[in-house]
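What follows is calculated from the coordinates using simple rules that are stated; it is not laboratory data. Here the structure is a predicted model, which means the values were calculated and not measured. Virtual Cβ from ideal backbone geometry, glycine too; neighbours counted across all protein chains shown.
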Amino acid sequence: MTDQSNSLHVRDVANLLHPNTNARRHEAQGPMIITRGEGIHVYDDQGKAYIEGLAGLWSVALGFGEKRLAEAAARQMQALPYYHTFSHKSNAPAIELAERLVEMTPEGLTKVFFTNSGSEANDTVVKMIWYYNNALGRPAKKKIISRARAYHGITIIAGSMTGLPMNQRDFDLPLPGFLHLTCPHHYRNALPGESEEDFATRLADELEAMILREGPETVAAFIGEPVMAAGGVMPPPETYWTKIQAVCRRHDVLMVADEVINGFGRLGTPFGCDRYGISPDFMVLSKQLTSSYMPLSAIVLSDQVYQVIADNSDRIGAFGHGFTATGHPVATAVALENLRIIEERGLIAHAAAIAPALQDGLRSRFADHPLVGEVRGVGLIAGVELVADKARKTKFDPPGQVAAYLHARAQEHGLILRAIEDTLAFCPPLIITEAEIGMILDRFGAALDDSYAWVK
Ligand code: PLP
């Protein structure tokens, strides 16, 4: 046997605490080390190829080998590797990208603030909202409403808006003042016989009742992913966003669209807001903004909010918020090149055109499978929920075991997915072809059959 004592596997276990990972299980099983990527594939250190069915973490729009992004980074590194944007300083890529984002996003959003991760962006939005309401002389208007099973990140504020027990338990989250509504998932949470429209009305009524109970003078904002993703891929019921938006407007509650996964073509439209007719006060962007080749996130905010923030910064001396890497020239240069490529190759229209291959393919091949409770999704994002009893929609007890087994089997078959409790999530790179979607379906089908044999 070869000496493994100095292998990357051993050094990983010795030195790394992994995010979102059972640390003791990791000590026993060790890491899966990915060494390179090309198109929709990544390769492990044994040379085995996998289709990255989740685009990394829902983010690598252009696949894993886009040389133009590497070249854009190298060019910018040589011209100006770093500069900041504090105290009136600026740099060309940050300016150009801000201009591009204002052009691309819905009307009324006129200013951009850069951050480094989705979580930081969401924390920043809440700080902006608190600053805004203080500036307006409404110090009590601070509460933030989100939904059960939402994912908005894991920093203290973002983790308070997230609605997943694993991200809150034993972290002393959520903080007070962060409230959660019912998850808008029709399959799980609608009443027997309730239509999508009636379910949406009930959820909007629930929001309004919460605002009235808390007092509209204490409720600052509602945040939501247009299509919920990391909580299990849950598209909203018909008419949901129109109804939610009307309630927010009625009570002067700001709307934050968290487009960290939905943005830049994931749903076959530029943004989730375009798909659902949402006019937000803030849009939060990351992931496909750079295809995750560099860490970058952005907040695009309305002129109305901006004017209040600008006045207050003048009154008290500064908008005292920002990061060392806010507007980083290399990250913003990579984002510009990434957006150029998405546009040149028509990847948003491409996502819309090939979405049926994924959505209809999953439904026609697997919806009737005895292990499958629901197939759901929009554009190039989908979820397949496994159930113990199809007719009764019974969950597995404990949840997640069968999905974890399926996830491991899919990996054996050369397909990386994400297991979220009993749901398997699909979110392939936007560059995927119809033939490659066929390969995902075949490999998933094989893993599903393996899992059925295991459960029986
Ligand atoms: N918001 C949404 C909708 C997300 O899906 C994520 C991450 O998956 C985040 C925020 C947090 O982003 P990050 O992991 O970059 O902090």
Q. If you bin every alpha carbon distance in region 150-262 into 5 Å steps from zero, what whole percent lands in each bin?
A. 2, 12, 21, 23, 22, 15, 5, 1
Q. If one puts a single equal scatterer on every Cα of region 1-113 and applies the Debye formula without solvent, what log₁₀ I(q)/I(0) results at q = 0.20, 0.21, 0.22 Å⁻¹?
A. -1.14, -1.17, -1.20
Q.
Check which residues have an amide H placed less than 5 Å from Arg147's amide H, if you skip close sequence neighbours.
A. Leu181
Q. Short version: ³J(HN,Hα) in whole Hz for each residue of region 388-398, in order, from phi by Karplus 6.51 cos²θ - 1.76 cosθ + 1.60 (θ = phi - 60°), x for Gly and Pro, what are they?
A. 6, 9, 4, 5, 9, 6, 5, 7, 6, 10, x
Q. Between Val219 and residues 5 or more places away or on another chain, which pairs have amide H atoms under 5 Å apart, with H built 1.01 Å from N, and which residues are they?
A. Lys142, Lys143
Q) How about region 90-175: which GluC sites (Glu not before Pro) there lie in a loop by DSSP and see at most 13 other Cβ atoms within 10 Å? A) Glu107
Q) In 10 Å bins starting at 0, how do the alpha-carbon pair distances of region 368-456 split up by percent? A) 18, 53, 25, 4
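Return the percentage of antiparallel bridges among DSSP beta bridges fully within the chain, rounded to the nearest 5 %. Working shown, then result.
Details: 32 of 48 bridges.
Among the beta bridges of the chain, antiparallel pairing accounts for roughly 65 percent.
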**Q.** Thr115 long-range amide H proximity, modeled H, under 5 Å
**A.** Ser297, Ala298, Ile299, Gly327
Q) DSSP loop trypsin sites (Lys or Arg not before Pro) in region 5-96 with at most 10 other Cβ atoms within 10 Å of their Cβ, which ones? A) Lys89
(Q) With θ taken as phi - 60° and the coefficients 6.51, -1.76 and 1.60, list the Karplus ³J(HN,Hα) couplings across region 129-134 in order, rounded to whole Hz; mark glycine and proline as x. (A) 5, 5, 4, 4, 6, 5
Q: Return, for the Cα atoms of region 66-194, the radius of gyration and Dmax in Å, separated by a comma.
A: 19.5, 62
Q) Which number comes out as Rg/Rh for the chain once both Rg and the Kirkwood Rh are worked out on C-alpha atoms? A) 0.96
Q | All lysines inside 29 Å of Lys127 as judged from Cα atoms, apart from same-chain residues fewer than 8 positions distant | A | Lys89, Lys111, Lys141, Lys142, Lys143, Lys243, Lys287
**Q.** Spatial extent of region 347-400: Rg and Dmax, with the Cα atoms as the point set, Å
**A.** 13.3, 41
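Give the residue list of trypsin sites (Lys or Arg not before Pro) in region 334-421 that are DSSP loop and have at most 12 other beta-carbon atoms within 10 angstrom. All intermediate terms of the calculation are to be shown ahead of the outcome.
On the way: sites: Arg340, Arg345, Arg363, Arg365, Arg376, Lys390, Arg392, Lys393, Lys395, Arg409, Arg418; in loops: Arg345, Lys390, Arg392, Lys393, Lys395.
Sites meeting the loop and neighbour criteria: Arg392.
Based on DSSP H runs of at least 4 residues, each adding -39500 (n - 2.57), what is the mean residue ellipticity at 222 nm of the chain after dividing by all its residues, to the nearest 500 deg cm²/dmol? Each step should come with its number before you reach the end.
Values: 16 runs with 192 residues, N = 456.
Helix contribution divided over all residues of the chain: -13000 deg cm²/dmol.
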Q: Step through the residues of region 56-70 one at a time and calculate ³J(HN,Hα) from phi using the Karplus curve (6.51 cos²θ - 1.76 cosθ + 1.60, θ = phi - 60°), rounding each to whole Hz and writing x for Gly and Pro.
A: x, 10, 6, 9, 8, 4, 8, x, 9, x, 7, 4, 4, 6, 5
